[in-house]
Structures are given as structure tokens and as C-alpha cells.
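None of the figures in this text is laboratory data; all of them are computed from the coordinates on show. On a predicted model such as this, the values are computed, not experimentally measured, just so you know. All Cβ positions, glycine included, derive from the backbone under ideal geometry; neighbour counts span all protein chains shown.
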Amino acid sequence: MESKGEIERLASGINSLLKKVGRPVKLMEVCGTHTVAIFRQGLRGLFPGISFLSGPGCPVCVTAKRDIDCSIMIAKQPDVTLMTFGDMMRVPGALGTLNGARAEGADVKVVYSPLDAVSAAEKERGKNRKIVFFATGFETTIPLVAAALELARGSGLDNFFIYSVHKLVPPALRALLSVRKVDLDGFILPGHVSAIIGASPYGFLAEDFHIPAVVTGFEAEEIMEGVLMLLEQITSRSARVEVAYKKVVKDAGNQKALFLMDKYFEPVDAEWRGIGTIPASGLKLKEEWKAMDAESFFDFKLAPHVSSGTSSDSGCSCGDILRGLKLPVDCRLFGSGCTPDHPLGACMVSTEGSCAAYYKYGAFIKRNGQ
Ligand code: SF4
């Protein structure tokens, strides 16, 4: 529960440190849930001296066109039901969307959990139908998918598969800092992802790039506490990884979840929409679990010209937005050609995508991002 007195104390601390910095401060919130929370709680308007930039932490936004196209190819295999989260249905690949594939006759269903896909496989046991879970998302979701694999194995199911396009946050941040063209003063690190991996995997932010970073939660008070801690680092010219969300995030993370992830998955180079291939930033099933890997099991090939490269979708600037180089309002299609009802790019599809969040909450936003 947020207390008015505490909010006022934090606001006063933030404003006084902003004065001390004496210039606009650029903070990147990595996670889409933070983007929405910052808008909803009116923190942009409250602190005009801070530019909040959205990072690459919306799983729908970063899923590559190739991965959407592969999911469509899998869904169109005979006797296959492809299951996935609702947001993935509208994400465009070069071959269209999963919604489009469903309209053409493919059996594509929305589920709330990978465990629902295991239940569906159980119902189809002994029949010819194969259930494929299109596994997207970051470290927050991956342990649940690993639990689904564990359950399917334990139940002796041979008709449950996953198509894994999971992504990992720390390698993406390293890649972003290695090539980015604009300066950042600090990172607001994701609370949910960090509850799984802990704070220690971000150590390189301070050690290699001298950038302050704070893991925090999603309530106004928690975000403001995180911002205050970042400003304290910025004004003292120090850089370390701190946790303002200690009730949920431990330095070493959730060991049970990490064990389960490691049991089933191994890192692989992965393509991020609009950003390109980032070394060891994805997860694929280990060789010993190949029998549950849809990409290995099903025989399909994408034409080489399909889904290649990092080119934009019809002028879509998602890639630059996810790297903090542009704001949604800098895209000429924002709000005109591209809206949540008619998204042209992935950042407008998910409610946690930065373009969708700017559209919903940011009608007042001017080009300086406030
Ligand atoms: S407004 Fe639409 S087209 Fe422009 S960057 Fe966002 S998602 Fe892409």
C-alpha cells in the first residue's frame, strides 16, 4: 500500500537530486511492465527532468519475424495444434500472423499457461494429434515452460512439443551497450525477470560499462525508490547494481527455477526483431530433449528470402525504439498508419509494447519524451 507521506518524501528526494545533476537524466526501463506502470502512475509528468526510455523487455516486441514464420509453418503441419499466448496471434512475420494462419484453417489456440498445452496433449494422448506450445518470453516465463516439459515427461506424453524462442535479458543489455549511439544514465531493471535470475547477472553493467542499475518493483513507491537510488549513484559518480525490491529479488535468484531452466535449456544465438542476432541471448532445448523440440521434429523449411535480416516492417522503427534510439512519437506511422487496432509493428501489438503504451497513455507526450 502506497503512503502519501512516503511518495512525497521520495518525490522531494528525486527532485533535489535532479537539481544537483543539473541536466536532463536518461533512464531506460528495460521491462514493458515498467513502461506501462510509469505511464499509469504519471511519473513522466511528475519528473519532467527524467527521460524514461523503453528497452528491449517486451517479449512480443522482440520476437523475430523468422520465429513468427516458423510458428506459422509448424501450425500448418498436418494434425498439429499450435498453442501460444494471446498477444502472439497478431504479431506480423513475413508470412502473415498466426491469426491469419488460423483463418486459413490452421489449428491455433490461445492459452494462458504452457501447462494448458500439456493438458491438451493429455486429452489427445493416443490419437494422432500433436500439441506444440510456441514458447516466447523472458526468464520470467521460462521456468514455467520447463515445468510443463517436466510434467509432460513425467506423464509419458509423446505428443507434446515446444517451439522455443525464449530470450534472455542480460545478453541483450550487453549488446545494446556495446553498439548503442546515445548515452544512458542508468537502468531500471526488471523486477519479475530478476526474481528468477537475481541481481548478480547484471554485474557487468557497472563493471564493464560504469552504468548505475537498480532492480525494482512496479508500484509507484517502488519505482520512485529505484529512481532515487539511481540518482544517488549518478550524483556520486558511482556505478553498481542495487536492489530496491528485496522482498522479491535475491542476489542469487530463485535456485529451483534456475535449476529447472538449466535442466532443459541451453543458450543459443538468437535473433531479436529490429536488433539482429545477439550471441547466447536465446534458449533452445538441450540435445537430450530433442524429441520434444518442434523445430527438429517437423520437416519444414523457410525460403531463404523470407524473414531474413533486421529490416523494418514497412517503415516501422521498433528496432530503434527497443534500443532507446527513438521514441514511438518519432515514428511517422505512430497513431496514423499504426494503431493498436491496426498494428504495423510488434511494439504496437502488445499492451506492454512501448508504442502501444505511448498510444494509450501518452496523447500529451511531446517529442522530448515527456
Ligand atoms: S508506431 Fe507502429 S510502425 Fe511505428 S515503430 Fe511503433 S509499431 Fe512500428
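At-a-glance table
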read-out: Dipole in debye (nearest 20) - the stretch 62-201, about Cα centre, beta carbon charges: Lys, Arg +1; Asp, Glu -1; value: 240
read-out: Gaussian network model of the chain, Cα within-10 Å springs - most flexible of Gly315, Gly154, Gly100; value: Gly154
read-out: Added length on full extension, which subtracts the Cα-Cα distance from 0.36 nm per residue, Leu115 to Phe204; value: 28.6 nm
read-out: Angle in degrees between helix 220-235 and the longest Cα principal axis of the chain, rounded to the nearest 10; value: 60
read-out: The chain, helix-only ellipticity at 222 nm - DSSP H runs n ≥ 4, -39,500 (n - 2.57), divided by all residues, nearest 500; value: -11000 deg cm²/dmol
read-out: Size of charge dipole - the stretch 51-311 - debye, nearest 20, with Cβ of Lys, Arg +1 and Asp, Glu -1, no other charges; value: 480
read-out: Under-5 Å amide H pairs with Glu242, H placed in peptide plane, nonlocal only; value: Ala213, Val214, Val215
read-out: In order through the stretch 53-68: 3J(HN,Hα) via Karplus (6.51 cos²θ - 1.76 cosθ + 1.60), integer Hz, x for Gly, Pro; value: 9, 7, x, x, x, 10, x, 5, 5, 9, 5, 5, 4, 4, 5, 5
read-out: Under the Karplus curve 6.51 cos²θ - 1.76 cosθ + 1.60, θ = phi - 60°, whole-Hz ³J(HN,Hα) for the stretch 213-218, x wherever Gly or Pro sits; value: 8, 9, 7, 8, x, 10
read-out: Per-residue Cβ neighbour rank within 10 angstrom, fewest leading, His342, His192, His166, His34; value: His342, His192, His166, His34
read-out: log₁₀ of I(q)/I(0) at q = 0.07, 0.15 Å⁻¹ - the stretch 51-311, Debye sum with one point per alpha carbon; value: -0.27, -1.08
read-out: Dipole of the chain, positive direction: furthest Cα of Phe259, Ser178, Gly126, with charges on the beta-carbon; value: Ser178
read-out: Counting DSSP beta bridges with both ends in the chain, the antiparallel % (nearest 5); value: 25
read-out: HN-Hα J in Hz across the stretch 157-168 - Karplus 6.51, -1.76, 1.60, θ = phi - 60°, x for Gly and Pro; value: 6, 10, 10, 10, 9, 10, 10, 8, 10, 4, 10, 10
read-out: Of Ala280, Phe297, Leu27, farthest towards positive along the dipole that unit charges on Lys, Arg, Asp, Glu beta carbons give the chain; value: Leu27
